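A.B. asks: First, the structure itself, so that you have it in front of you.
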């Protein structure tokens, strides 16, 4: 043994046996583990340090109490969650459940409106000639090129009672004279749909682009009219895209507070601004943490539902 | 209206002795379809009898798929009309036509199981649940896929998917069943088996099948009649035997099986007897299309007139090989030749022979124990071209 020779990991045990061969194929992977750890380790470490641990800290914090000066102190308590459900120190007050419901309603309404406008748009995009598709997709994401706040303030101007747009709409008989959408739910939803539409359009477009149109022909061949063909041949194929888009819209829309604040007239509380208030002016970090943890839990539930329905979709594939 | 035609189609298995039905199952006249500057169909007309297995045969891009889509109602036409059972359906949308299709890719609904796939058409038409149950069950029995009702299409083999697609179409009892290369995706053995089954099914149910394919063997094996298409036109329409034995032109002759083409100068003797002067001597030709059928000879007048130049076609299996004697002078329709190449294909032996003017012929002989099947390259032979096997072509 003057020089080290390469020996297969299991060669001494059983040379050339199937077991040996199978183990042998593992070797390149194990050899690659060093570089792989280097490549993946840094992001994983980053996420652990700055995302997962703080999140866990937040969850733990939600069981503490607020001290007289806003500090986080023991005793450990369920009080924050009870408050969240409306059972405060002064008896039942539905304020927080209502805020939660209102936020969910905002998210749901935004999702629904986005879905209704994204479906036809995505189907149309997918049927465009290839060379137009890229340009059309660029146009879909173009709103992202302007700053979010600038866009929101722009809606204030556009939708205010005395804006040219409002006057034009009033002139053709849409809306009451002298009443703009801003401030109010109308302005909030208009801006929300504009902000979140691309998140709905893109996943549905991906599904629509791969759509098997022969299935539509098959459905029509079998006696389905246009609506039935859509319902039975197109919709099932779009469903994964719709589910992905709905989650991408619903989750951030539920937590959104800038738009309702700026366009809703700052009269109503939403999850977002409630949360911001706890960590800001109110200095009630434990309650804020409970709010955040509860919201996070709700969203994880939504994701779990999505994963389950996706799994159901996949079950028929062997 | 639709209900009526459906019941007629279902209750009427074609009985041979009955008088000719009043309407062809399908009839189309002068169909024209253009895509921009490309003409996919330029004046196609034909009719399909009830209970007929009819094939559209042609290379890809010949317009056969466009024609099928016109009949499904998936594609509009620029001129002409389509009638189904005597009723004009040129503008009828697909879901109101009494036709169903077996798609090339099967197009089974991936999110539905076998049962729901087959029941789809009946449910769309609002058939009562009890009826649906019964008809789906019998359709599944018909195509022999009972027991797979709860599988999804992705869990089925290609052959099983094909059967489901067939059941899904048949369960609606269509006036015409359209088959778009239904066996194209299957391997050879399975394809043969399903061909037989398809044919038996069609005979048993007395249904009208319109079959689109580019596989000439399949078209010949399955069909009562075949229309050969090229560039949006029907080149020739007839029984498989007519097409194979009396092709009208080079395209049909070459598309259906192998073919040798011989150019010559025509010297007419009579309408039923020609002499054709070729580079290797005079050939006797019987252009009449005479053939023996059920022990009697049927003579039809020749379609092609004897012009100056004429092209003759002869199938490789119709050429006979005789041993060449050392000093033997070839008789009429016999040509001295040398074997250049021998290809063994199992059931047959294929020779490539070189004639005196260096042109070549392909000769196919059954692989029996005869000396002709044992010729070797380099050997000299005599090719005999029987007068009745030489087919004059239009172009």
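The values are calculated or read from the model by the stated rules, or taken from the named source; none is laboratory data. Not measured: the values here are computed from a predicted model. Please note: Cβ atoms are built from the backbone with ideal geometry, for glycine as well, and neighbour counts cover all protein chains shown.
A.B. asks: Quick test of your reading of the structure: residue A:238 fulfils all but one of (1) in contact with a strand residue (DSSP E or B) (Cβ under 6 Å, 6 or more places away or on another chain); (2) within 14 Å of chain B (Cβ to nearest Cβ); (3) in contact (Cβ under 8 Å) with a residue 40 or more places away in the chain. Name the failing condition by number.
C.D. replies: All conditions pass for residue A:238, except number (1).
A.B. asks: Show the residue pairs that are 6+ apart or on different chains and have beta-carbon atoms under 9 Å apart, the first residue being within the range B:346-360 and surrounded by fewer than 13 Cβ atoms within 10 Å (Cβ to Cβ), the second being part of a strand (DSSP E or B).
C.D. replies: B:347/B:366; B:357/B:278
A.B. asks: Something else about it: I need the full set of residues from the range B:134-149 which are modelled with pLDDT of 90 or more and within 14 Å of chain A (Cβ to nearest Cβ), in order please.
C.D. replies: Passing the criteria: B:135, B:136, B:139.
A.B. asks: Still on this model: State all residues of the range B:79-123 that are modelled with pLDDT of 90 or more and assigned to a helix (DSSP H, G or I); if no residue qualifies, say none.
C.D. replies: B:114, B:115, B:116, B:117, B:118, B:119, B:120, B:121, B:122, B:123
A.B. asks: When residue B:99 is evaluated against the numbered criteria (1) touching a residue at least 12 places away in the same chain (Cβ under 8 Å); (2) at the interface with chain A (Cβ under 10 Å from one of its Cβ atoms); (3) on the phi > 0 side of the Ramachandran plot, which criterion, by number, is the only one it fails?
C.D. replies: (3)
A.B. asks: Using beta carbons and a limit of 8 Å, which pairs, at least six apart or on different chains, have the first residue in the range A:144-169 and outside any helix (DSSP H, G or I) and the second one surrounded by 15 or more Cβ atoms within 10 Å (Cβ to Cβ)?
C.D. replies: What qualifies is A:160/A:166; A:160/A:180; A:160/A:182; A:161/A:180; A:161/A:182; A:162/A:180; A:163/A:180.
A.B. asks: Continuing with this model, one more query. Hey, residue B:76 hits all of (1) more than 10 Å from chain A (Cβ to nearest Cβ); (2) in a loop (DSSP other than H, G, I, E, B); (3) crowded, with 19+ Cβ neighbours inside 10 Å but one; which does it fall short on?
C.D. replies: Against the list (1) more than 10 Å from chain A (Cβ to nearest Cβ); (2) in a loop (DSSP other than H, G, I, E, B); (3) crowded, with 19+ Cβ neighbours inside 10 Å, residue B:76 comes up short only on (3).
A.B. asks: If you go through the range B:42-67, how many residues are in a strand (DSSP E or B) and either over 19 Å from the mean Cα position of the chain (by Cα) or within 14 Å of chain A (Cβ to nearest Cβ) (or both)?
C.D. replies: So the answer is 2.
Yes/no matrix, rows are residues, columns are (1) facing chain B (nearest Cβ under 8 Å); (2) in contact with a strand residue (DSSP E or B) (Cβ under 9 Å, 6 or more places away or on another chain); (3) more than 14 Å from residue A:244 (Cβ to Cβ); (4) surrounded by fewer than 22 Cβ atoms within 10 Å (Cβ to Cβ):
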position: A:191; (1), (2), (3), (4): no, no, yes, no
position: A:194; (1), (2), (3), (4): no, no, yes, yes
position: A:200; (1), (2), (3), (4): no, no, no, no
position: A:206; (1), (2), (3), (4): no, no, no, yes
position: A:213; (1), (2), (3), (4): no, no, yes, yes
position: A:216; (1), (2), (3), (4): no, no, yes, yes
position: A:220; (1), (2), (3), (4): yes, no, yes, no
position: A:224; (1), (2), (3), (4): yes, no, yes, no
position: A:227; (1), (2), (3), (4): no, no, yes, yes
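A.B. asks: Consider residue A:131 carefully, then state whether it is in contact with a strand residue (DSSP E or B) (Cβ under 8 Å, 6 or more places away or on another chain), exposed (fewer than 15 other Cβ atoms within 10 Å of the Cβ) and assigned to a helix (DSSP H, G or I).
C.D. replies: Here the answer is no, as residue A:131 does not meet what is asked.
A.B. asks: Counting just the residues of the range A:251-281 that are in contact (Cβ under 8 Å) with a residue 12 or more places away in the chain and farther than 20 Å from residue A:187 by Cβ, which one comes out surrounded by the fewest Cβ atoms within 10 Å (Cβ to Cβ)?
C.D. replies: A:276
A.B. asks: Let me ask you something else. Kindly indicate which of A:116, A:137, A:104 is surrounded by 11 or more Cβ atoms within 10 Å (Cβ to Cβ), at pLDDT 90 or above and assigned to a helix (DSSP H, G or I).
C.D. replies: Only one candidate qualifies: A:116.
A.B. asks: Return yes when residue B:109 is within 12 Å of chain A (Cβ to nearest Cβ), surrounded by fewer than 23 Cβ atoms within 10 Å (Cβ to Cβ) and under 28 Å from residue B:47 (Cα atoms) and no when it is not.
C.D. replies: no
A.B. asks: Something else now. Based on this model, can you work out whether residue A:182 counts as more than 14 Å from chain B (Cβ to nearest Cβ) and either in a helix (DSSP H, G or I) or surrounded by fewer than 20 Cβ atoms within 10 Å (Cβ to Cβ) (or both)?
C.D. replies: Spelling it out, it is not the case that residue A:182 is more than 14 Å from chain B (Cβ to nearest Cβ) and either in a helix (DSSP H, G or I) or surrounded by fewer than 20 Cβ atoms within 10 Å (Cβ to Cβ) (or both).
To keep it simple, each residue is scored yes or no on (1) more than 26 Å from the chain's Cα centre (by Cα); (2) at the interface with another protein chain (Cβ under 10 Å from one of its Cβ atoms); (3) surrounded by fewer than 23 Cβ atoms within 10 Å (Cβ to Cβ).
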| position | (1), (2), (3) |
| --- | --- |
| B:31 | no, no, no |
| B:39 | no, no, yes |
| B:69 | no, yes, yes |
| B:125 | yes, yes, yes |
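A.B. asks: Scan the range A:84-101 residue by residue and report those that are part of a helix (DSSP H, G or I) and surrounded by fewer than 17 Cβ atoms within 10 Å (Cβ to Cβ).
C.D. replies: Residues satisfying the conditions are A:95, A:97, A:98, A:101.
A.B. asks: For residues in the range B:311-339 being assigned to a loop (DSSP other than H, G, I, E, B) and modelled with pLDDT of 90 or more, which is nearest to the chain's Cα centre (by Cα)?
C.D. replies: B:315
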